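Structure first, then comments.
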Amino acid sequence: MASTDKSVRQSVSLPSRVARRVKALAKTEKTSASRVLVDLIEAGLASKEAERERFFALANRLIESPEPAEREELKKELARMTFGS
């Protein structure tokens with residue numbers, strides 16, 4: 001069964017540097033700037049979701065790990081993901 005996504009018109013202000021890069025991408029891909037923006041947004045959303053899934057996978061490993069050394073490494077990795085470097 002095909003899903004029909006209804007398009008919603010959305011107005012967004014972009015910094016001129018970003019707008020130039022979007023237009024350049026559109027030109028090289030022979031598509032519209034709108035299509036490039038949609039693709040970039042979808043890729044960003046997918047990346048955020050993958051990051052979220054990785055976080056929860058690490059959290060589950062932390063909960064299930066009986067080894068103190070592994071637990072410490074998992075804690076450090078989760079801290080890096082949460083607070084940065």
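The values are calculated or read from the model by the stated rules, or taken from the named source; none is laboratory data. In this text, all values refer to a predicted model and were calculated from it rather than measured experimentally. A quick note on method: Cβ atoms are made from the backbone with ideal geometry, for glycine too, and the neighbour counts reach across all protein chains shown. All accessible areas refer to the heavy atoms of the entire protein, side chains included, with ligands and DNA or RNA removed. Shrake-Rupley method; radii C 1.70, N 1.55, O 1.52, S 1.80 Å.
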For every helix of n ≥ 4 consecutive DSSP H residues, a contribution of -39,500 (n - 2.57) applies; sum these over the chain, divide by its total residues, and give [θ] at 222 nm rounded to the nearest 500 deg cm²/dmol. -25000 deg cm²/dmol
How much of the accessible area of the chain, probe 1.4 Å, is carbon plus sulfur, in whole percent? 55
What is the sum of charges around ALA69, taking Lys and Arg as +1, Asp and Glu as -1, for the other residues whose C-beta is under 12 Å from the C-beta of ALA69? -1
So for the chain, taking the charge dipole from beta-carbon charges (+1 Lys/Arg, -1 Asp/Glu), which of LEU62, GLY84, LEU74 sits furthest toward the positive end? GLY84
Principal-axis tilt of helix 33-64 within the chain, Cα atoms, nearest 10 degrees: 10
Counting only protein heavy atoms and rolling a 1.4 Å probe, one gets per residue an accessible area for the chain in Å² of 90
